Ligand SMILES: Nc1nc2c(c(=O)[nH]1)N[C@H]1C(S)=C(S)[C@@H](COP(=O)(O)OP(=O)(O)OC[C@H]3O[C@@H](n4cnc5c(=O)[nH]c(N)nc54)[C@H](O)[C@@H]3O)O[C@H]1N2
Ligand SMILES: Nc1nc2c(c(=O)[nH]1)N[C@H]1C(S)=C(S)[C@@H](COP(=O)(O)OP(=O)(O)OC[C@H]3O[C@@H](n4cnc5c(=O)[nH]c(N)nc54)[C@H](O)[C@@H]3O)O[C@H]1N2
Ligand SMILES: [Mo]
């Protein structure tokens, strides 16, 4: 009889046992609220969606390279591993020799799986660096705008994300938490690398029971768990900056802003105040002005401002707010609002970016380093902001602006992807389909026949973590987990490491890539770094074998000391912020000097960008495309839990009953969402939890086109990225704007085509 073995995932630690063809999963016993996402794991062992053998696109095989027109609509031919690896090596050699490393895109953005060694991005970057380098991507889809604006105005991104206000501080000291975008409990289910203890629900409950008030600012009412007893201020999507300005205006007019704090700790307040009070543009950003834009009552704005000034107040801004047009502004304005309240650095007060969006944000950070695979150095300096991939592929040589630099898109011939799903994460999928027809060759390592695999020329089947040993750990998770292999590789799947090792061998670089270590030897080798730090710090430091035997290891934490914000508050001269002024930049001379018309020297309200987009008569509804509660992004959409949430096989879309009634839509109807860019089917769920005029369709349903040969196709399954816009937040950050778009919705009167994307690839021979 098999024993349960320890393992871990982005959504929690667990033990598993495979017996009689069934995988049984049990959550970690110390996890107070295990994630339902664990329910997606058992399907890994048997799903027909898994890729079982290497496969090559017929058009590429027969006309290689460059025969790209049928990409996304072509047949695949299964080949042997030897043949596949030979083809990959030959093609890489050709592109590196003829065009150089700056013709290879190895962005490979994506969450892949937990596990420090087999982490797909680390593997692919290490491999491509060994071959001569690659064009990389910077920043993330998560926080593309915040990662650029925060360093200009406050300091290092992770100081104000991970290392600022802890859950303990909120439970202990916060009196009022104003959460722009909320803290949906579904989001805190996951954290990159592992999340062995889901504590957010209990922390919110504890704070609420002590008397802390939570205010949810969101178009959805369920972006807080019931335990928080949050009050809902329903806001029009994309208008938080106007609301924040209205709040700031009340503070100034009623003398509630902290002048002492602003003088001592910030620069540029006066210029911002001129804007706020309309001294230059004649527009006072008063509550009446704000209310017209954001849809929150004037009195509610005034009340909230006064309450904020009279209590220990924490302002949080979720990732979602900045994954939208001018996404830099709500983050910056949230910081300014917090500065005006003067509570930055106080226990449970001030500002925290994205608290609640990921499970380990707000936990104390580890005080020892984690095992990390050396990726070598990239010889290529070219990069793109990550969400500009379609622009890059469609417009080689074109100029674009990013964070004060004028740059040009490189001319990419080969794309290599391992551990991400661009046909999940990118916007305007019809445009991405066109972009993916540009390169000569696309190589993908995938575990399953996702849409990204279906747009590749060479598809190499990768194992999931369940099929290999690894070390699970994450910067804010106190447990390191021995991730023990639970099942044999499905089909002929191989570890990314094994795949890259064999390609490296074809370049005479096997030893350089593997350093002559087996993967088991790598685990022991990588563990040393943490082991040595534990020893040096006087902590219990078991050797690798002992750790592996036990299955887990408790790691030491940094103190809950308020982080850099507290140090700055206590002594701004000794611990200045690493901004040009050493202070909070309410006005940034640096940003002003870039001369952008879409991001100036201080935060401000920018009306929505594209006119066509806001053609309210044709596309009157705001579509919120947020993270799914039923899976991590697109991962394991074929899993039991994710599938249990579908209706008639489609992704659910929530519609306010009044909006549904106007359109003759009933609960459970198949509906068609559409706008100028595309359309998709989904299943209507009528719900008062969404604001009138707003509908909500989570990301992550695997893209399945109704006609893969058409230029403009409909997704029959419910992927919102067929509708979203592929434009950057602004020239400053060029972040993804995928969270919000505009659509119309109607009942789908025809017989909907069956969803077949989870059935895997059909080979025609
Ligand atoms: N419209 C809209 N779009 C969005 C968002 C939004 O809010 N709205 N959110 C964005 C955000 S925040 C993010 S982070 C992105 C997420 O985008 P991604 O991170 O690209 O999404 P995942 O589904 O996690 O993709 C990971 C892929 O890696 C594969 N994989 C897992 N383990 C392994 C492995 O060991 N080896 C290999 N080779 N492959 C593996 C999985 O099968 C899966 O297909 O999406 C973004 N897209
Ligand atoms: N279960 C699960 N959890 C996840 C993920 C997942 O895929 N599944 N993904 C993880 C990742 S990679 C990331 S980056 C984080 C993302 O964290 P977020 O980006 O914060 O998460 P979202 O769910 O996209 O959005 C949170 C809420 O913001 C609200 N919102 C949307 N637009 C607006 C607006 O204009 N104004 C206001 N005030 N509110 C708005 C929506 O109601 C939405 O539910 O989540 C992480 N957590
Ligand atoms: Mo993300």
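The values are calculated or read from the model by the stated rules, or taken from the named source; none is laboratory data. Keep in mind it's a predicted model, so treat the numbers as computed, not measured. A quick note on method: Cβ atoms are made from the backbone with ideal geometry, for glycine too, and the neighbour counts reach across all protein chains shown.
Among the listed residues 84, 103, which satisfies the condition of being in contact with a helix residue (DSSP H, G or I) (Cβ under 7 Å, 6 or more places away or on another chain) and outside the structural domain of residue 641 (by TED's automatic domain parsing)? I'd like the intermediate steps shown before the answer.
Values: 84 fails: in contact with a helix residue (DSSP H, G or I) (Cβ under 7 Å, 6 or more places away or on another chain).
None of the other options fit; the residue is 103.
Looking at 718, 668 in this structure, which one is more than 14 Å from ligand 2 (Cβ to nearest atom), surrounded by 22 or more Cβ atoms within 10 Å (Cβ to Cβ) and in a loop (DSSP other than H, G, I, E, B)? Talk me through it step by step, then tell me what you get.
Values: 668 fails: surrounded by 22 or more Cβ atoms within 10 Å (Cβ to Cβ).
That would be 718, the only listed residue that is more than 14 Å from ligand 2 (Cβ to nearest atom), surrounded by 22 or more Cβ atoms within 10 Å (Cβ to Cβ) and in a loop (DSSP other than H, G, I, E, B).
Being away from ligand 3 (no atom under 16 Å from the Cβ), farther than 27 Å from residue 491 by Cβ and not in a loop (DSSP other than H, G, I, E, B) is the requirement here; does residue 86 meet it?
Values: away from ligand 3 (no atom under 16 Å from the Cβ): yes; farther than 27 Å from residue 491 by Cβ: no; not in a loop (DSSP other than H, G, I, E, B): yes.
Judged against the criteria, residue 86 is not a match.
Return the total of residues in the stretch 228-247 being surrounded by fewer than 24 Cβ atoms within 10 Å (Cβ to Cβ) and under 18 Å from residue 314 (Cα atoms).
Number satisfying all stated conditions: 4.
Among what's in the stretch 341-365 and is more than 16 Å from ligand 3 (Cβ to nearest atom), within 22 Å of the chain's Cα centre (by Cα) and part of a strand (DSSP E or B), pick the residue that is farthest from residue 320 (Cα to Cα). If you could, list the steps in order and put the result at the bottom.
So in the stretch 341-365, the residues more than 16 Å from ligand 3 (Cβ to nearest atom) come out as 341-352, 362-365.
If we keep only those that are within 22 Å of the chain's Cα centre (by Cα) as well, we get 351-352, 362-365.
Subset that is part of a strand (DSSP E or B): 351-352.
Working: 351: 16, 352: 14 Å.
Residue satisfying both the conditions and the ranking: 351.
Quick check, is residue 736 within 16 Å of ligand 3 (Cβ to nearest atom) and touching a residue at least 60 places away in the same chain (Cβ under 8 Å)? Can you show your working first?
On the way: within 16 Å of ligand 3 (Cβ to nearest atom): yes; touching a residue at least 60 places away in the same chain (Cβ under 8 Å): yes.
So residue 736 passes the test.
Within the stretch 205-214, does at least one residue satisfy the condition of being under 25 Å from the mean Cα position of the chain (by Cα) and closer than 19 Å to residue 165 by Cβ?
yes
If residue 185 satisfies every condition in (1) in contact with a helix residue (DSSP H, G or I) (Cβ under 8 Å, 6 or more places away or on another chain); (2) away from ligand 2 (no atom under 16 Å from the Cβ) but one, which is the exception?
Looking at each condition in turn, residue 185 falls short on (2).
Matching residues to (1) assigned by TED's automatic domain parsing to the domain that holds residue 246; (2) buried (at least 24 other Cβ atoms within 10 Å of the Cβ); (3) within 26 Å of residue 622 (Cβ to Cβ):
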position	(1), (2), (3)
280	yes, no, no
314	yes, yes, no
329	yes, yes, yes
336	yes, yes, yes
356	yes, yes, yes
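Would you mind stating whether residue 116 is within 30 Å of residue 707 (Cβ to Cβ), touching a strand residue (DSSP E or B) at 6+ places or on another chain (Cβ under 7 Å) and at pLDDT 95 or above? First the steps, then the outcome.
Working: within 30 Å of residue 707 (Cβ to Cβ): no; touching a strand residue (DSSP E or B) at 6+ places or on another chain (Cβ under 7 Å): yes; at pLDDT 95 or above: yes.
Spelling it out, it is not the case that residue 116 is within 30 Å of residue 707 (Cβ to Cβ), touching a strand residue (DSSP E or B) at 6+ places or on another chain (Cβ under 7 Å) and at pLDDT 95 or above.
Answer yes or no: is there a residue in the stretch 265-272 that is under 30 Å from residue 696 (Cα atoms) and either in contact (Cβ under 8 Å) with a residue 60 or more places away in the chain or surrounded by fewer than 19 Cβ atoms within 10 Å (Cβ to Cβ) (or both). Before you say what the answer is, go through the steps one by one.
Of the stretch 265-272, the ones under 30 Å from residue 696 (Cα atoms) are none.
No, the conditions are met nowhere in the stretch 265-272.
Can you confirm whether the stretch 745-754 contains a residue that is in a strand (DSSP E or B) and over 27 Å from the mean Cα position of the chain (by Cα)?
Restricting attention to the stretch 745-754, the residues satisfying the condition of being in a strand (DSSP E or B) are 745-747.
So of that shortlist, the ones also over 27 Å from the mean Cα position of the chain (by Cα) come out as 746-747.
Yes, that holds for at least one residue.
Would you mention how many residues in the stretch 721-741 are within 16 Å of ligand 2 (Cβ to nearest atom), touching a helix residue (DSSP H, G or I) at 6+ places or on another chain (Cβ under 6 Å) and either farther than 30 Å from residue 601 by Cα or not in a loop (DSSP other than H, G, I, E, B) (or both)?
Final tally of qualifying residues: 1.
Of all residues in the stretch 632-649, which are surrounded by 22 or more Cβ atoms within 10 Å (Cβ to Cβ) and either away from ligand 1 (no atom under 16 Å from the Cβ) or at positive phi (or both)? Please lay out each step first, then the result.
Let us first name the residues in the stretch 632-649 that are surrounded by 22 or more Cβ atoms within 10 Å (Cβ to Cβ), namely 632, 634-639, 642.
Hit for the stretch 632-649 is 636, nothing else.
Restricting the search to the stretch 687-711, which residues are crowded, with 23+ Cβ neighbours inside 10 Å and either within 16 Å of ligand 3 (Cβ to nearest atom) or in a loop (DSSP other than H, G, I, E, B) (or both)?
698, 700, 701, 702, 703, 704 - these are the residues of the stretch 687-711 that are crowded, with 23+ Cβ neighbours inside 10 Å and either within 16 Å of ligand 3 (Cβ to nearest atom) or in a loop (DSSP other than H, G, I, E, B) (or both).
From 48, 34, 29, 42, grab the single residue that is out of contact with any strand residue (DSSP E or B) (no Cβ under 7 Å at 6 or more places or on another chain) and either assigned by TED's automatic domain parsing to the domain that holds residue 642 or under 30 Å from residue 361 (Cβ atoms) (or both). Outline the logic, then answer.
Numbers: 48 fails: either assigned by TED's automatic domain parsing to the domain that holds residue 642 or under 30 Å from residue 361 (Cβ atoms) (or both); 34 fails: out of contact with any strand residue (DSSP E or B) (no Cβ under 7 Å at 6 or more places or on another chain); 42 fails: out of contact with any strand residue (DSSP E or B) (no Cβ under 7 Å at 6 or more places or on another chain).
Going through 48, 34, 29, 42 in turn, just one is out of contact with any strand residue (DSSP E or B) (no Cβ under 7 Å at 6 or more places or on another chain) and either assigned by TED's automatic domain parsing to the domain that holds residue 642 or under 30 Å from residue 361 (Cβ atoms) (or both): 29.
Can you find a residue that is in contact (Cβ under 8 Å) with a residue 12 or more places away in the chain, on the phi > 0 side of the Ramachandran plot and in contact with a strand residue (DSSP E or B) (Cβ under 6 Å, 6 or more places away or on another chain) anywhere in the stretch 96-109?
Checking the stretch 96-109: at least one residue is in contact (Cβ under 8 Å) with a residue 12 or more places away in the chain, on the phi > 0 side of the Ramachandran plot and in contact with a strand residue (DSSP E or B) (Cβ under 6 Å, 6 or more places away or on another chain).
For residue 661, work out the one condition from (1) in contact (Cβ under 8 Å) with a residue 12 or more places away in the chain; (2) out of contact with any helix residue (DSSP H, G or I) (no Cβ under 9 Å at 6 or more places or on another chain); (3) surrounded by fewer than 22 Cβ atoms within 10 Å (Cβ to Cβ); (4) not in a loop (DSSP other than H, G, I, E, B) it doesn't fulfil.
With (1) in contact (Cβ under 8 Å) with a residue 12 or more places away in the chain; (2) out of contact with any helix residue (DSSP H, G or I) (no Cβ under 9 Å at 6 or more places or on another chain); (3) surrounded by fewer than 22 Cβ atoms within 10 Å (Cβ to Cβ); (4) not in a loop (DSSP other than H, G, I, E, B) applied to residue 661, the lone miss is (1).
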